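The values are calculated or read from the model by the stated rules, or taken from the named source; none is laboratory data. Note that the coordinates shown come from a computational prediction; the quantities given were computed from them, not determined experimentally. For neighbour counting, all protein chains shown are included, and Cβ atoms are generated from backbone atoms with ideal geometry for every residue, glycine included.
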Amino acid sequence: MDKKEILSRLYRELAGTLNISETMTNEIVNSYKAVGSYLGNMEQALDINIYPQGSLSLGTMVRPIKEDEEGDYDVDLVCLLKNGQHLTAKEMKMIVGQRLSESDRYGAMLDEEGKRCWTLQYSDYHLDVLPCVPRTLQESTDTKIRLSHKDDNGIYSACFSNPKAYKEWFIGEMGTVFSQIREQYAAKRNVEIEEIKLFQLRTPLQIAIQILKRHRDIMFADKDNKPISIIITTLATKAYVGESDIFETISNIINKMDSHIEYDGDGNVLICNPTMREENFADKWKDIPEKKDAFHAWLHKARVDIIENPLNFADGMDSLMENMRATFGTKVVNETFEKYAEKAAVEREQGLLGINNKGNIIARENKEAVVPLKNHTFYGGE
């Protein structure tokens with residue numbers, strides 16, 4: 001097996017290790033549905049609907065570095081007041097905050113007001129609830145939302161976003177790879193395709209983003225100006241061109257991400273929401289140029305740590321594992337290599353591995369496989 005194939009397998013296992021568990025996912029989904037039901041019952045005239053946005057919606061959440069700390073999983077939720085188009089920026093924010101504070105359950109979990117969200121602290125995660133209303137005044141297929149931003153002077157102003165359209169763009173950029181993986185998932189589990197949620201799938205793009213986010217989390221564990229996830233996700237998705245191999249996907253994304261950064265006439269950075277250009281995810285870079293510097297420093301280090309160093313490993317798997325521990329964290333890398341070894345042992349036992357004419361271990365189904373890889377026994381025979 002050549003280095004790139006080994007790394008593809010390892011990075012797939014790493015992303016699997018970084019995944020939020022199905023149990024935790026179900027708990028989070030049940031929690032935000034309960035919040036939505038409570039708010040909906042309290043404000044029936046506003047027809048409130050809650051749904052996830054960000055990493056939970058896109059299937060790119062990663063395990064926190066310190067899993068013993070409370071509230072480590074950050075879950076972003078849209079709280080849409082569907083009949084609240086008449087509300088001011090302050091009114092929509094206050095209605096949701098007031099109702100949450102009145103609840104015996106949620107009042108005790110409620111943090112102080114954030115700039116845009118109300119945060120509910122659970123033991124293992126926190127929900128960032130974003131009050132908003134439809135941007136349009138009439139019923140339509142437009143999914144743009146108007147939200148509220150509170151500045152440092154306590155003034156509320158309107159901002160706009162479109163998380164539903166962003167999700168559809170994200171899916172569309174994966175092309176046929178997404179369709180194939182979704183069909184395989186449905187067939188394997190005997191479920192209808194329409195029932196499958198994006199966060200249940202593991203596409204090459206999702207895996208690449210998870211690995212990039214983990215690398216960022218480790219690098220900025222004790223530093224300021226950590227690149228935000230939506231910037232990483234947006235640039236990675238723009239750089240993705242439908243690769244199916246994991247290592248190729250990650251390599252191409254890292255090498256092409258910065259080519260998708262735009263600039264306005266004054267030289268300010270534009271990393272816009274591809275479904276609504278007025279939303280610039282890098283708007284803070286103008287006033288805090290250190291954020292721009294931190295992003296480029298991270299991207300350079302990601303190239304070295306995720307592509308260059310692993311490809312140059314020459315001292316065997318132990319050396320590679322030690323390298324990856326420093327890059328991604330000891331616990332998750334140990335779990336990754338254990339799963340990799342277990343699967344390799346099963347493939348060897350089932351005769352699924354072969355050797356090509358260069359002496360590399362490869363899958364038997366590969367047309368370059370010239371001889372099978374024999375099983376080893378403790379007494380030296382087959």
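For region 211-228, the condition holds for at least one residue, the condition being that it is among the β-branched types (Val, Ile, Thr) and in a helix (DSSP H, G or I). Residue count for region 87-100 satisfying the condition of being under 29 Å from the mean Cα position of the chain (by Cα) and farther than 14 Å from residue 116 by Cα: 1. When 337, 313, 328, 295 are screened for being at pLDDT below 90, under 24 Å from residue 210 (Cβ atoms) and either more than 25 Å from the chain's Cα centre (by Cα) or not acidic (Asp, Glu) (or both), only 313 passes. Pairs linking a residue in region 31-47 that is under 15 Å from residue 98 (Cβ atoms) to a residue that is crowded, with 16+ Cβ neighbours inside 10 Å and basic (Lys, Arg), with Cβ atoms under 8 Å and 6 or more positions apart or on different chains, are 38/99; 39/99; 42/99; 43/99. Of the residues 31, 21, 103, the single one that is among the polar types (S, T, N, Q) and under 19 Å from the mean Cα position of the chain (by Cα) is 21.
Just one of 278, 342 is within 30 Å of residue 160 (Cα to Cα), out of contact with any strand residue (DSSP E or B) (no Cβ under 6 Å at 6 or more places or on another chain), surrounded by fewer than 16 Cβ atoms within 10 Å (Cβ to Cβ) and at pLDDT below 95; which is it?
Unique residue meeting the criteria: 278.
Tell me, please, whether a residue that is of a type in the set (A, V, I, L, M, F, W, C) and within 25 Å of residue 27 (Cα to Cα) can be found in region 87-107. Yes, region 87-107 has at least one match. Cβ separations smaller than 6 Å between residues 6+ apart or across chains give the following pairs from region 1-27 residues that are polar (S, T, N, Q) to residues that are assigned to a helix (DSSP H, G or I) and surrounded by 15 or more Cβ atoms within 10 Å (Cβ to Cβ): 8/246; 8/247; 17/332; 17/335; 17/336.
Quick test for you: out of 124, 128, pick the one residue that is charged (D, E, K, R), more than 26 Å from residue 84 (Cβ to Cβ) and not assigned by TED's automatic domain parsing to the domain that holds residue 12.
That would be 124, the only listed residue that is charged (D, E, K, R), more than 26 Å from residue 84 (Cβ to Cβ) and not assigned by TED's automatic domain parsing to the domain that holds residue 12.
If you take the residues of region 1-30 that are part of a helix (DSSP H, G or I) and of a type in the set (Val, Ile, Thr), which of them is surrounded by the fewest Cβ atoms within 10 Å (Cβ to Cβ)? It comes out as 23. Looking at region 31-118, none of the helices (runs of 4 or more DSSP H) lying wholly inside it contains 3 or more residues that are over 22 Å from residue 145 (Cβ atoms) and out of contact with any helix residue (DSSP H, G or I) (no Cβ under 7 Å at 6 or more places or on another chain).
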